[in-house]
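Report on one structure; see the data block that follows.
The values are calculated or read from the model by the stated rules, or taken from the named source; none is laboratory data. Predicted, not measured: the structure shown is a model, and the values here were computed from it. Quick reminder, even Gly has a Cβ in these numbers, built from the backbone with ideal geometry, and neighbours come from all protein chains shown.
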Amino acid sequence: MTRPAPRAILLDMDGVLYHGERPLPGAATFLGRLAATPFVLVTNNPIRPPAEIAGRLAAMGLPCPDPTAILTSAEATARWLARTHPGFRFFAVGAPGLHAALGQVGFEDPQRADFVVIGEGPGLDFEQLTIGINLILQRGARLIATNPDTTVDAVRDGHHLILPGGGALVAPFAAATGVTPTVIGKPEPLLYEMALERLGCPAGACLMIGDRPDTDIAGAARLGMWTALVRTGRFAPGAPWPTEIPVPDWDLVDLAALTRALEATCPDLLAGKAPGAPG
């Protein structure tokens, strides 16, 4: 049986659309081609809310999607907790974006929290670690991680930096308590499943585009999605493919090359005109 062609897209952002404040080759054209294609931008980064991300894309000169087309691991974590534990109480460690997402659907309560939620960004210190450990060991709170990335890339003052990711920040809580965290972001299924639900699309009819084999490609392949890797992130051109991860359907240097490949193999997927193309 021939596999049906994809009709919707999930698209990672950092390392695919931009580095720091610099848009990557082919990003503007690719986003412009999605005008008639169902899509969601998905990110493991829980720091910024969708509206701020949309503004950041616009500031880089990239076609700006509606914030409802952006799903962060913080938003997915908040929605999962609200769906499975309505009225939940939480203690969170991470940037203000995580606290804001959780606070829209739950109640921050460092004394009686049902969940200890660890994201990314500043906030982890000895006191925060002590509060979280005691909530888990003495009150039975569950440990939640927005994402498993041990490191993330950043640009400061024009210099590339590697920062601790959600996986690194949740590790002290897991080590001190012996508890394995529930992880929401890629490659775990929950973030993908929420994005597919938003699209109204089964996994087998959706294409996931990312720059990391271990999160973007591994998780999507596990769910039966089409997969495409662009080598504009840390996984550089020429790097050998990890043998434990399924080979993606497309493995190309950047979004410009992927656009050409999809035009040739899935012409109905990119039905929108390229920006500046004649009508």
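What to note about this one:
- Elements of type helices (runs of 4 or more DSSP H) in the range 40-113, at least 3 residues being closer than 18 Å to Ala27 by Cα and not aromatic (Phe, Trp, Tyr): 50-59
- Among the residues of the range 14-39, the ones that are part of a loop (DSSP other than H, G, I, E, B) and of a type in the set (D, E, K, R) come to 2 in all.
- Condition broken by Ile245, with the remaining ones in (1) closer than 27 Å to Ala154 by Cα; (2) outside the structural domain of Leu135 (by TED's automatic domain parsing); (3) hydrophobic (A, V, I, L, M, F, W, C); (4) out of contact with any helix residue (DSSP H, G or I) (no Cβ under 9 Å at 6 or more places or on another chain) satisfied: (4)
- The range 108-124 residues that are in the same structural domain as Ala154 (by TED's automatic domain parsing) and more than 13 Å from Ala141 (Cα to Cα), paired with ones that are of a type in the set (Val, Ile, Thr) and at pLDDT 95 or above (beta carbon under 6 Å, 6 or more apart): Gly119/Thr146; Gly123/Val93; Leu124/Val93
- Within the range 66-87, the residues that satisfy the criterion of being surrounded by fewer than 20 Cβ atoms within 10 Å (Cβ to Cβ) and touching a strand residue (DSSP E or B) at 6+ places or on another chain (Cβ under 8 Å) are Ala69, His85, Gly87.
- Among (1) under 12 Å from Asp12 (Cβ atoms); (2) surrounded by fewer than 22 Cβ atoms within 10 Å (Cβ to Cβ); (3) not aromatic (Phe, Trp, Tyr) - the single one Asp249 does not satisfy: (1)
- The listed residues are Val93, Val40, and the only one of them that is at pLDDT 95 or above, touching a helix residue (DSSP H, G or I) at 6+ places or on another chain (Cβ under 7 Å) and farther than 21 Å from Pro122 by Cα turns out to be Val40.
- Annotation note: of Ala264, Ala256, the sole residue that is touching a helix residue (DSSP H, G or I) at 6+ places or on another chain (Cβ under 9 Å), more than 26 Å from Leu143 (Cβ to Cβ) and hydrophobic (A, V, I, L, M, F, W, C) is Ala256.
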